[in-house]
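Colleague: Just passing along the structure, written as structure tokens.
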Amino acid sequence: MDFIFLVSEAFDGMKKAIYSTLISISTIFACLLLGGVYLVLNDKSEEFIEELKSKISIQAFVENTFENEKIEDLEKQINKVEGIAEVKFLPKEEALKILNEEMNADLEEISGYNPLQDEFTLVLKSEFSDEESVSEIKSELLKIQGIESAEFNFSLVSKIEEFQNNYEKVSLYLGILIAVFAILLITNTIRLSIFARQKNIEIMKLLGATKTFILLPFILEGAFQGFLGACLTSFMIWLSGNYLSETFNISFVVSFEIYFLILAFGLLLGIFGSFVATQKFLKYLD
């Protein structure tokens, strides 16, 4: 079967049913735009969650009797604990200076001694930012000689974990809903387009054309319509991203992966919709 002939038939069919073709492309565009907005929001939400996770840290306080000469060795031991991305050391003298500036007072002069301790601020890797992992890291830190106590914002960790779990559930259900809605809408739209060419298909069947011969041009039409719808969607999202960046002076970059997914979904929706609609129509004729 000649591929060029099939492509020619597909374009011929679209020209003859130009209004149906435009409706199909518009429907695919609308569905992909909805899906594209979902993908962009999903991507930005994940970035936001990662940013929240990066704020999770543990404060490890050093024993007052611990020798200053051994601080570097202590830091090396802390770095060996799994899940720690970065270690920052704050001497108690520096901590006191910062606190004095914030309170506009000299605490050492008031109390007669420095009430603070040397401390390490431990930034965690994002995959270790859940409540269970943070608690395990805290337990490991307390086993290290020289660490008197370790604290973390339990409330923040719990809220981030709860938010992420709820978001993932809602995101999954919404994604499935959009996908099902898009498939049903596009399949029905393409079916109407095929019904508009009922006579042509009946003539082809009478002339002895096989189901495959009839089916392939419609699948190519669906692929082309899906491709056009995806291109329009990608352009609209790119345009919107630029507008938001310039208007609100923010960085709104849409990743290449999202454009690729839109193109892939567009082709799949067009091909799948055409295949299902044509198959049903051919069965109806039988």
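Colleague: Name the residue, out of A182, A209, that is outside any helix (DSSP H, G or I) and surrounded by 13 or more Cβ atoms within 10 Å (Cβ to Cβ).
Modeller: A209
Colleague: Which is closer than 28 Å to E132 by Cα, surrounded by fewer than 17 Cβ atoms within 10 Å (Cβ to Cβ) and of a type in the set (K, R), of K70, K44, K15, K53?
Modeller: Only one candidate qualifies: K44.
Colleague: Against the conditions (1) at pLDDT below 90; (2) touching a Gly at 6+ places or on another chain (Cβ under 9 Å), where does N64 fall short? Just the number, please.
Modeller: Single failed check for N64: (2).
Colleague: Restricting attention to segment 242-272, report how many residues are out of contact with any Leu (no Cβ under 7 Å at 6 or more places or on another chain), part of a loop (DSSP other than H, G, I, E, B) and farther than 26 Å from A179 by Cβ.
Modeller: Start the filter on segment 242-272 by keeping residues that are out of contact with any Leu (no Cβ under 7 Å at 6 or more places or on another chain), which leaves 242-249, 251, 253-257, 259-260, 263-264, 267-272.
Those still in the list that are part of a loop (DSSP other than H, G, I, E, B) too: 249, 251, 253-255.
Narrowing the set further to residues that are farther than 26 Å from A179 by Cβ leaves 249, 251.
Of the residues in segment 242-272, 2 are out of contact with any Leu (no Cβ under 7 Å at 6 or more places or on another chain), part of a loop (DSSP other than H, G, I, E, B) and farther than 26 Å from A179 by Cβ.
Colleague: Okay, moving on. From (1) in contact with a strand residue (DSSP E or B) (Cβ under 6 Å, 6 or more places away or on another chain); (2) more than 20 Å from E47 (Cβ to Cβ), pick out the condition that doesn't hold for K80.
Modeller: Single failed check for K80: (1).
Colleague: Quick one: what pairs do we get from segment 68-87, first residue of a type outside the set (V, I, T), second part of a helix (DSSP H, G or I) and modelled with pLDDT under 90, C-beta under 7 Å, 6+ apart or different chains?
Modeller: G83/F128; G83/S133
Colleague: Which of the residues spanning segment 236-286 are of a type in the set (G, A, S), without any contact (Cβ under 8 Å) to a residue 12 or more places away in the chain and touching a helix residue (DSSP H, G or I) at 6+ places or on another chain (Cβ under 7 Å)?
Modeller: S251
Colleague: Would you mind telling me which numbered condition in (1) in contact (Cβ under 8 Å) with a residue 12 or more places away in the chain; (2) surrounded by 14 or more Cβ atoms within 10 Å (Cβ to Cβ) S158 fails?
Modeller: Going through the list (1) in contact (Cβ under 8 Å) with a residue 12 or more places away in the chain; (2) surrounded by 14 or more Cβ atoms within 10 Å (Cβ to Cβ), S158 breaks only (2).
Colleague: With the structure loaded, tell me whether F5 is without any contact (Cβ under 8 Å) to a residue 12 or more places away in the chain, under 30 Å from E151 (Cα atoms) and out of contact with any Gly (no Cβ under 9 Å at 6 or more places or on another chain) or whether it fails that test.
Modeller: Details: without any contact (Cβ under 8 Å) to a residue 12 or more places away in the chain: yes; under 30 Å from E151 (Cα atoms): no; out of contact with any Gly (no Cβ under 9 Å at 6 or more places or on another chain): yes.
Judged against the criteria, F5 is not a match.
The values are calculated or read from the model by the stated rules, or taken from the named source; none is laboratory data. Just so it is clear, the model here is predicted, and its values are computed rather than measured. When we count neighbours, we look across all protein chains shown, and the Cβ atoms used for this are built from the backbone with ideal geometry, even at glycine.
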